[in-house]
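Report on the structure given below.
The values are calculated or read from the model by the stated rules, or taken from the named source; none is laboratory data. This is a predicted model, so every value here is computed, not measured. Cβ coordinates were reconstructed from backbone atoms using ideal geometry, including for glycine residues, and neighbour counts include every protein chain displayed. Just so you know, the surface numbers come from the protein's heavy atoms only, side chains and all, with ligands and any DNA or RNA stripped out. Shrake-Rupley method; radii C 1.70, N 1.55, O 1.52, S 1.80 Å.
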Amino acid sequence: RDLHSFPTRRSSDLFRHIYNNMPRNKKNLKILQEETIFGNEITSTARITKMNMILIGDGHSGIQQKNSLKNPVENEYDIVITNMPYSQKTEYGSYYDLPSNKGDSVCIQHCIKAIDKISEKGRMAVIIPEGFLFRKDMKKTRGYLLDRCYLRSVISLPQGTFLPYTGVKTNILYCTDVKKKRKQEKYWYFDVKNDGYSLDSHRRKVEGQNDLQIFLAYRNIEAQEKRDILEVGFSEISIDE
């Protein structure tokens, strides 16, 4: 039930999503308000997020203005969700298992370290720059991730998803069984060409079904026929490949 998010601009959306989908009773509401959402943001945006969370009904508010990488946590949370900062330098790499001044590597390590090793639901979704998947300087970090996580899916997002802020091509890594050392031979790859918005600086909503909706409809892969999954656009990739 613990969820860690950094940065925290979407924490109120997470709160609203859980509130709208949970059984409504006093016990659940207390857990949601006091024990569920925690997040760090290095800029003053944290204050705005904290205010939004209080206004939406999060009486505890675990939002802090803090440099996440400077403050690693270990075995704290069940779920980590983040759109991490891309291709930045950090002076806190020595706090992690693979010391590095590269923020892309340290952010991934931070996420993994934060998840509770005894949690049966330990999982994370991290938006990464596409270069993370093939850059030579990220090879050890990719190995580190695969040693400690079960990589369920790589979801390729279209160029322009984060315009006007950045034009960097990005992917979502969705991992489960964090720190369980579960043996893995393959993962699923899904290429999103239409995310529901125009791929320009205006990002206007596009009517009709988009590829993210298709992914969500088939995300419970074990419950689906493999033939159906392949037909809607999933690819099965071996770990060796």
Residue separation between Glu241 and Arg47 times 0.36 nm, minus their alpha-carbon distance, gives in nm 65.4 nm
Taking a cut-off of 20 Å, what percent of all Cα-Cα pairs in the stretch 121-175 are separated by more than that?
26
Under the Debye formula (equal points on every Cα, no solvent term), log10 I(q)/I(0) of the stretch 165-240 at q = 0.20, 0.24 Å⁻¹:
-1.03, -1.24
For the stretch 58-116, which whole-number percentage of the solvent-accessible area (1.4 Å probe, protein heavy atoms only) is attributable to carbon and sulfur atoms?
41
Net lengthening on full extension, Glu91/Arg16 (0.36 nm per residue, minus Cα-Cα):
23.5 nm
Once you charge only the Cβ atoms, +1 for Lys and Arg and -1 for Asp and Glu, what is the size of the charge dipole of the stretch 173-240 about its Cα centre, to the nearest 20 debye?
420
Starting from the eigenvalues of the Cα gyration tensor, five times each then square-rooted, give me the equivalent ellipsoid semi-axes of the stretch 106-241, largest first, whole Å.
26, 20, 14
Please compute the per residue accessible area over the stretch 4-95 with all protein chains in place, 1.4 Å probe, rounded to a whole number of Å².
59
Quick check: residue separation of Glu222 and Glu120 times 0.36 nm, minus the Cα distance between them. What number comes out in nm?
35.0 nm
Considering Cα pairs under 8 angstrom that are at least six residues apart, work out the relative contact order of the stretch 131-241 and quote it in whole percent.
25
How much of the DSSP bridge set in the stretch 26-176 is antiparallel, in percent, rounded to the nearest 5?
55
Solvent-accessible heavy-atom area per residue, rounded to whole Å², over the stretch 111-241 at 1.4 Å:
59
Tell me the volume per residue, in Å³, of the convex hull enclosing the alpha carbons of the stretch 1-117.
91
Where in the stretch 161-200 is the amide nitrogen less than 19 Å from a point lying 7 Å along the Cα-to-Cβ axis of Gln213?
191-199
